1. Tell me the label-point distance for the pair GLN93, GLU63, using the 7 Å Cα-to-Cβ offset, in nm and rounded to one decimal.
2. What chymotrypsin sites (Phe, Trp or Tyr not before Pro) does segment 1-55 have in DSSP loop regions with at most 12 other beta carbons within 10 Å?
3. Per residue of segment 47-63, in order, report the coupling 6.51 cos²θ - 1.76 cosθ + 1.60 (Karplus, θ = phi - 60°) as ³J(HN,Hα) in whole Hz, putting x for Gly and Pro.
4. Rank the residues CYS69, CYS26 as a footprinting-exposure proxy: fewest other Cβ atoms within 10 Å of their Cβ go first.
5. Taking the beta-carbon count within 10 Å as an exposure proxy, list MET68, MET22, MET74 from fewest neighbours to most.
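Every read-out reported here was derived from the displayed coordinates using simple, explicitly stated rules and does not represent laboratory data. Bear in mind that the values here come from a model prediction, so they are computed numbers and not experimental data. Every residue, glycine as well, gets a Cβ built from its backbone with ideal geometry; the counts of neighbours run over all protein chains shown.
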Amino acid sequence: MQLPSFNCVCCNLNQEESLIHMFLQCNFAQNCWTTIGLQTDSQNPFVAFGQFKLQLHVTFYLEIIILMCWCIWMQRNDFIFRGIQPSSANCHQHFKKEFDLVILRAKNRHKESVSMARQLCVILLIFS
């Protein structure tokens, strides 16, 4: 497959797509993180994910970070391979659907706290 450009397809910044750009610097990615109440101003992924950890206040923060990265990645791929325009609203919907599957896979002793965290996240986003 020949790509006409190596620039990010999710934003208009004319930036070469890199992992750091795709998941942290891209305006689209920043909007996606905002849909779950997370923000960072760091270009360093270790610092940014550390900030996300502090903002989340849950033991399963890494699952949330990985899941949102997956949803951003899927939005990008849907645009490249299926022509579906990326949107933070679609990314958020995909995140919620995937997070529900995480709840189903959670061990019984963790299900209640994971479910409560999802409900809290939804409540905070609805009323903010």
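1. Roughly 2.4 nm, to one decimal.
2. The qualifying sites are PHE6.
3. Here the 3J(HN,Hα) series is 5, 4, 5, x, 5, 4, 4, 5, 6, 7, 6, 9, 6, 9, 4, 5, 4 Hz.
4. On the way: CYS69 18, CYS26 23.
Result, fewest neighbours first: CYS69, CYS26.
5. Details: MET68 24, MET22 20, MET74 17.
Fewest to most other Cβ atoms nearby, the residues stand as MET74, MET22, MET68.
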